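Following: one structure in C-alpha cells, then a few remarks.
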Amino acid sequence: MAAPRVFISSTCYDLAEERDGLAEFCASFGFDTTLSERGDVFYHPDLHTHLSCVRETSNCQLFILIIGGRFGGKYRVDPSKSITNAEYAAAIQNGSPTFAFVKQEVLNDHNVWQRNKDLPFAKDIQYPSIDKQEHAEDIFKFIDTVRLAPVNNGMFGFRLGRDIHDLLR
C-alpha cells in the first residue's frame with residue numbers, strides 16, 4: 001500500500017522553515033510530502049509550473065495550507081489569485097481534507113482589517129505582518145475564503161512551526 005501524500009501549500013520564500021519542518025513531521029508518520037521547491041511536483045513540459053502544481057493536488061490525500069504575510073506569485077490563469085489560492089481551490093474541488101494555518105501576527109492584522117475595512121481610512125492602515133501592503137486586502141480576503149467555506153474550513157493560528165505539529169498531532 002502506498003503512503004498517503006500530503007500537499008504542503010504556502011509561499012516558499014517567507015515560510016521555508018515551516019515548510020521544511022512540516023515535511024519532516026509528516027515523514028515521521030510515514031507520509032510522503034509534496035513541496036514544489038523540492039521537485040516533488042511533476043512539471044509537465046507542456047504546462048506552466050502553476051498548472052502543474054494545481055494538478056498535483058489531485059494526487060494527494062491531504063492538503064495543508066500555510067498563510068503568511070506574502071501574497072506569492074500571481075496565478076497565470078487568474079492573476080487576481082496567487083498560486084497558493086489556486087492550489088487551495090483545487091484541493092477543495094478535489095474534496096481533499098484540508099488543514100489551514102495562519103501566522104498569528106497575520107491573523108491579528110486580519111482582525112484589525114475586519115473591524116475597519118468599511119471605514120474611509122481603511123486603505124491607509126499599515127499592517128506590520130504583511131510583506132507588501134498592496135497585497136494586504138488580497139491576503140485577508142483569502143483568509144475569509146478559507147474560514148467562511150461551507151465545509152472543510154478549520155483554520156488555526158500559529159507562532160512557531162511546532163505549533164502546527166502540535167495541532168496536527
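The values are calculated or read from the model by the stated rules, or taken from the named source; none is laboratory data. Since this is a predicted model, take the numbers as computed values, not measurements. Because the Cβ atoms are built from the backbone with ideal geometry, glycine has one as well, and the counts that use them run over all protein chains shown. Only protein heavy atoms, including side chains, enter the accessible area calculation; ligands, DNA and RNA are left aside. Shrake-Rupley method; radii C 1.70, N 1.55, O 1.52, S 1.80 Å.
Distance in nm between label sites at residue 137 and residue 151, each 7 Å beyond Cα in the beta-carbon direction?
Modelled inter-label distance: 3.3 nm.
Quantify, in whole percent, the carbon and sulfur part of the accessible surface of the chain (1.4 Å probe; protein heavy atoms only). Write out the running numbers ahead of the final one.
On the way: 4720 of 9220 Å².
About 51 percent, which is the carbon plus sulfur part of the accessible surface.
How many Å² of accessible area per residue for the chain, probe 1.4 Å?
It amounts to 55 Å² per residue over the chain.
So which trypsin sites (Lys or Arg not before Pro) in the range 89-145 pass both tests, a DSSP loop state and at most 15 other Cβ atoms within 10 Å of the Cβ? Could the numbers behind the result be given before it?
Working: sites: 103, 115, 117, 123, 132, 141; in loops: 117, 132.
Passing both the DSSP loop test and the Cβ count: 117, 132.
Nearest 10 degrees is fine. How inclined is helix 104-116 to the longest principal axis of the chain, computing both from alpha carbons?
Taking Cα atoms only, the helix is inclined about 40 degrees.
Report the chymotrypsin sites (Phe, Trp or Tyr not before Pro) located in the range 108-169 that are in a DSSP loop and have at most 16 other Cβ atoms inside 10 Å of their Cβ, or state none.
121
Which of rounded, prolate or oblate describes the chain when judged by the alpha-carbon gyration tensor and an a/c cut-off of 1.5?
Judged from the Cα gyration tensor, the chain comes out prolate (a/c at least 1.5, a/b above b/c).
Using the basic label-point model (7 angstrom from Cα toward the beta carbon), what is the residue 144 to residue 12 distance in nanometres?
3.1 nm
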